[in-house]
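Shown next, in structure tokens, is the structure this report addresses.
Just so it is clear, none of the values below were taken in a lab; they were calculated from the coordinates. A quick note: this is a predicted structure, and the numbers were derived from the prediction, not measured. Cβ: placed from backbone, ideal geometry, glycine included. Neighbour counts: every protein chain shown.
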Amino acid sequence: MEPTIKVVFERCQPSVKDTLLTIRQWVFDIANTSENIGEINECLKWGEPSYLTHTPKSGTTVRLAPLKANPQRYGLFVHCQTRLIEEFRLVYPDLDYDKNRGILFDSRDSIQEEPIKQFIFAALTYQLRKSINN
């Protein structure tokens, strides 16, 4: 992990940091188990740890971030012009959404592994699915 990214995680509340690091690992695990996703680049976008497909460019960026208004909460964010949030609302209507930008969670609740992993996979394969459907 790059030092600048590590600093961002270190600034998080401990429970949020642990959860975000778990989700970070899931991003790499999911990419490594799907030949369609390929290599993941980790960087900072808007000061937040972000993960995007490099080769091939199969998906859209996933960002991980604690919420500024409530540091016990965190979100998984994607580009607002994708249809990912719209698609996920159909499957998971009870999740807490941030408009068309992301899914919000509370670190005091148990981690919702299945929806998070599905969301990561959907984001990292978004361009592939989009090109197939066009």
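The table below lists the values:
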{"read-out": "In order through region 90-106: 3J(HN,Hα) via Karplus (6.51 cos²θ - 1.76 cosθ + 1.60), integer Hz, x for Gly, Pro", "value": "5, 8, 10, x, 8, 6, 8, 10, 9, 6, 10, 9, x, 10, 10, 9, 10"}
{"read-out": "Karplus-derived HN-Hα couplings along region 32-40 (A = 6.51, B = -1.76, C = 1.60, θ = phi - 60°), whole Hz, x at Gly and Pro", "value": "6, 9, 10, 5, 7, 7, x, 6, 10"}
{"read-out": "Contour minus Cα-Cα distance for Lys45 and Asn100 (0.36 nm per residue)", "value": "18.0 nm"}
{"read-out": "About the Cα centre, charge dipole magnitude for region 1-104 (Lys/Arg +1, Asp/Glu -1 at Cβ), debye", "value": "380 debye"}
{"read-out": "Over the chain, relative contact order from alpha-carbon pairs under 8 Å, at least 6 apart, %", "value": "24 percent"}
{"read-out": "Principal axis dimensions, the chain - Cα atoms, whole angstrom, descending", "value": "41, 35, 24"}
{"read-out": "Ser34-Ser15 pseudo-label distance in nm [points 7 Å out on the Cα-to-Cβ vector]", "value": "3.0 nm"}
{"read-out": "Given 16 as the ceiling on other Cβ atoms within 10 Å, longest exposed-site-free region of the chain for trypsin sites (Lys or Arg not before Pro) in DSSP loops", "value": "12-56"}
